[in-house]
Amino acid sequence: MNSVADAKDMKFGIVVAEWNAEITEPLLNGAYQTLLKHGANEDNIVKKYVPGTFELTLGAQFLAEYTDVDAIIVLGCVIQGETRHFDYICQGVTQGVITLNMKYNKPVIFGVLTTNTLQQAKDRAGGKHGNKGDEAAFSAIQMVALKNSLNK
Ligand code: DLZ
């Protein structure tokens, strides 16, 4: 794995779903701390909440439109239930994030857990499988560095 770029001069937006907050808050904490660890300045990190994962796309679009962030991280957690709601939310946010990446030519990083159980989500939000928020922050930094290396 390449070494992580210096995030000192980078600006980030983080959009967090409040649904399943016991998972999304640790994801947020992981992402935030990882950005700081790699040199980002607290003043250059905008955090915003949306009700659920379905709203992450529009929340990210607001940040892309109304702020000057270099990259956006969306954080959510969808847990399989008894109905097909899970599929619609997952499909919606995945397609939405892809569209935003292309529309704004800006990294919009997918930090959404899509699990069968709450335990699987806990395992990936600071548990035995690490913290996907950390990974999302890492991806954001690396993608901004890639873009910067091409002189935008
Ligand atoms: C409605 C709903 C359900 C059933 N499950 C989840 C979930 O597991 N994770 C999540 O982030 N949000 C869920 N939501 C809420 C939707 O994302 C959305 O907020 C509502 O459908 C309102 O648009």
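The values are calculated or read from the model by the stated rules, or taken from the named source; none is laboratory data. Fair warning: this is a prediction, and the values are worked out from it, not measured in the lab. Methodologically, a virtual Cβ is constructed for each residue, glycine included, from the backbone with ideal geometry; neighbour enumeration extends over all protein chains shown. For the accessible areas, the whole protein counts, side chains as well, though only heavy atoms, and no ligand, DNA or RNA atoms are used. Shrake-Rupley method; radii C 1.70, N 1.55, O 1.52, S 1.80 Å.
Considering Cα pairs under 8 angstrom that are at least six residues apart, work out the relative contact order of the stretch 1-111 and quote it in whole percent.
For the stretch 1-111, the relative contact order is 32 percent.
Taking 7 Å along the Cα-to-C-beta vector as the label spot, tell me the LYS103-LEU146 distance in nanometres, rounded to one decimal.
A separation of 2.1 nm, rounded to one decimal place.
Enumerate by residue number the chymotrypsin sites (Phe, Trp or Tyr not before Pro) in the stretch 30-69 meeting two conditions: DSSP loop (anything except H, G, I, E, B), and at most 12 other Cβ atoms within 10 Å of the site's Cβ.
Details: sites: TYR32, TYR49, PHE54, PHE62, TYR66; in loops: none.
Filter output for the stretch 30-69: empty list.
To the nearest 20 Debye, how big is the dipole of the chain about its Cα centre, given +1 on the beta carbon of each Lys and Arg and -1 on that of each Asp and Glu?
Details: 14 positive and 16 negative charges, 64 e Å.
The calculation lands at about 300 debye.
Which of the GluC sites (Glu not before Pro) across the stretch 43-151 are loop residues per DSSP, with 16 or fewer other Cβ within 10 Å? Numbers along the way, then the final one.
Numbers: sites: GLU55, GLU65, GLU82, GLU135; in loops: GLU82.
Of the GluC sites (Glu not before Pro), the ones in loops of the stretch 43-151 whose Cβ has at most 16 other Cβ atoms within 10 Å are GLU82.
Work out which helices of the chain, taken as complete DSSP H runs, extend at least 18 Å along their axis over the Cα atoms and score a mean Kyte-Doolittle of -0.5 or more, then list them. Don't jump to the answer; show the numbers that get you there.
Values: long enough: 21-37 (23 Å, 0.04); 85-104 (28 Å, 0.12); 132-149 (25 Å, 0.03).
TM-like helix candidates: 21-37, 85-104, 132-149.
Restricting attention to the stretch 91-143, which trypsin sites (Lys or Arg not before Pro) occupy a DSSP loop and are surrounded by at most 15 other Cβ atoms within 10 Å? Numbers along the way, then the final one.
On the way: sites: LYS103, LYS122, ARG124, LYS128, LYS132; in loops: ARG124, LYS128.
Passing both the DSSP loop test and the Cβ count: LYS128.
Given bins 10 angstrom wide, list per bin the percent of all Cα-Cα distances in the stretch 1-71, short to long.
20, 47, 30, 3
Using alpha carbons only, how many angstrom separate the centre of the stretch 86-152 from the centre of the stretch 39-79?
Using only Cα atoms, the two centres lie 11 Å from each other.
If I model a spin label as a point 7 Å beyond the Cα along the Cα-Cβ vector, how far apart are those points for LYS48 and THR117 in nm?
For the pair LYS48/THR117, the computed spacing is 3.6 nm.
Not counting ligands, DNA or RNA, and with a 1.4 Å probe, what is HIS38's accessible surface area in Å² rounded to the nearest 10?
Spelled out: HIS38, probe radius 1.4 Å, area about 50 Å².
Which percent, nearest 5, of DSSP beta bridges in the chain are antiparallel? Numbers along the way, then the final one.
Numbers: 2 of 21 bridges.
For the chain, the DSSP antiparallel bridge percentage is about 10.
Quick check: from the Cα gyration tensor, does the stretch 30-145 come out rounded (a/c under 1.5), prolate or oblate? Intermediate results must be reported in sequence, preceding the final value.
Values: a/c = 2.15, a/b = 1.26, b/c = 1.72.
Here the stretch 30-145 falls in the oblate category.
In the chain, with Lys and Arg counted as +1 and Asp and Glu as -1 at Cβ, which of these residues, TYR66, THR99, LEU150, has the Cα nearest the positive end of the dipole, that is, farthest along it?
Projecting each Cα onto the dipole axis, the largest value belongs to LEU150.
Considering only protein heavy atoms, with the full assembly of protein chains and a 1.4 angstrom probe, order SER139, SER3 by accessible area, largest first.
Numbers: SER139 45, SER3 100 Å².
So the residues, ranked largest to smallest area, are SER3, SER139.
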